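The values are calculated or read from the model by the stated rules, or taken from the named source; none is laboratory data. This one's a predicted model, so the numbers in the text were calculated from it and none came from an experiment. Counting neighbours? That spans all protein chains shown, and the Cβs are built from the backbone with ideal geometry, glycine included.
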Amino acid sequence: MIKRRKTRTINVGSVKIGSGQPIRIQSMTKTDTRDTKKTIRQCLELEAAGCEIVRVAIKDMKAAEALKAIKRKINIPLVADIHFDWRLAVLSIKSGADKIRINPGNIKNPAHIKEVIKTAKDAKIPIRIGLNSGSLPRAGFIASALKYIKLFEKENFRDIIISLKSSDVTETVNAYRKLAALCNYPFHLGVTAAGAYDAGIVKSSIGIGALLLDGIGDTVRVSLTGDPVQEVIAAKRILQALRLRSFVPEVISCPTCGRCQVNLGAIVNELEVRLSAMKHRHSSDGISIAVMGCEVNGPGEAKVADIGIAFGKNAGILFKKGKIVKKVKTKNATKELLKLLCAGHKP
Ligand code: SF4
């Protein structure tokens, strides 16, 4: 069990963020926000994949205005991402953003930051203080974060979420760890500019994973160069691997070796596809499915999983809670596993 760092609870639209809540999954659209049709479509794709809070880039007044139309068509909280121009933050709040992210590192004038705080306070929405190593004031992450926290608190504003992202994993982890001991605001975790698919997932898993294991982090975004739906899938996998949340039954499969006599890769792929298609049909809380290539470790692993299969030459032995259920032909393995999974779970 991971013991979460205690934080305040912050409301982002209908979604609560903080240590008393599940760790939330966020992503960001990659469309031009002014193109509302494309942006709405991408938001809905993210929603369908399991994204719980979506952020859009506000690069001009037209994008800030577009928030109104986008918000009407989506069902998850909408966050406006602001850099440089405080007036974009004010207009975004007035257009209905459920939260804004500002990078105080590039809004230099404290009077402008105060104006943004005042507008957010009137609208009763939170602000993420999103510090990035690329635009960090000389003082560094911790001194800067503390300076802005103090500025916000002086305005009697405490609906704050903080992020301290760097593209360097160690720097990111160290910064969050240090700040965790110095305040009780929720943290949004991420390794910024992590890279394309494989490289980005490895960096994010190490950075976000290390912090989550420490109990640090209340929302996550896996930054990937590519389809944002993949960011959501990766975030879900990180949270599920640490048993912080459960989205689909966990598949435990062996790497195979010379002893395996079936095409285990194809069987596991088919199973994963079918499981994700079924995800809304029954609770998958903590369920594990072992798919093992032979009798060396197969029966042992299959026994400890909720259900499992260990393959021989043309057939596999099905297990449920450690007991042999039956022998099935290899070609029917996926179908039989899913039948066993669904037995006892109401659709
Ligand atoms: S379970 Fe069998 S096939 Fe799979 S890696 Fe172990 S020995 Fe090889």
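For beta carbons closer than 6 Å, sequence separation of 6+ or different chains, a first residue in region 207-226 that is closer than 23 Å to Leu46 by Cα and assigned by TED's automatic domain parsing to the domain that holds Tyr176 and a second that is at pLDDT 95 or above and of a type in the set (D, E, K, R), the qualifying pairs are Thr219/Arg24; Val222/Glu231; Leu224/Glu231.
So is Leu189 farther than 25 Å from Trp86 by Cα, surrounded by 18 or more Cβ atoms within 10 Å (Cβ to Cβ) and in the same structural domain as Pro104 (by TED's automatic domain parsing) or not? Working first, answer last.
Values: farther than 25 Å from Trp86 by Cα: no; surrounded by 18 or more Cβ atoms within 10 Å (Cβ to Cβ): yes; in the same structural domain as Pro104 (by TED's automatic domain parsing): yes.
So Leu189 fails the test.
For region 65-77, indicate whether the set of residues that are surrounded by fewer than 20 Cβ atoms within 10 Å (Cβ to Cβ) and within 21 Å of Leu136 (Cβ to Cβ) is non-empty. Looking through region 65-77, none of the residues is surrounded by fewer than 20 Cβ atoms within 10 Å (Cβ to Cβ) and within 21 Å of Leu136 (Cβ to Cβ).
Taken over region 179-214, the criterion of being of a type outside the set (S, T, N, Q), part of a helix (DSSP H, G or I) and touching a strand residue (DSSP E or B) at 6+ places or on another chain (Cβ under 9 Å) is satisfied by Leu179, Ala180, Gly207, Ile208, Leu211, Leu212. All conditions in (1) surrounded by fewer than 23 Cβ atoms within 10 Å (Cβ to Cβ); (2) in contact with a helix residue (DSSP H, G or I) (Cβ under 9 Å, 6 or more places away or on another chain) hold for Ala97, with the sole exception of (1). Summed over region 287-312, the residues that are surrounded by 24 or more Cβ atoms within 10 Å (Cβ to Cβ), near the ligand (Cβ under 7 Å from one of its atoms) and modelled with pLDDT under 90 give a count of 1. Take the residues in region 226-267 that are buried (at least 19 other Cβ atoms within 10 Å of the Cβ), assigned to a helix (DSSP H, G or I) and within 16 Å of the ligand (Cβ to nearest atom); name whichever of them is nearest to the chain's Cα centre (by Cα). Here the residue is Ile267. Checking each residue of region 44-61 against the condition of being farther than 26 Å from Ala193 by Cα and either in the same structural domain as Leu179 (by TED's automatic domain parsing) or under 19 Å from the mean Cα position of the chain (by Cα) (or both) gives no match.
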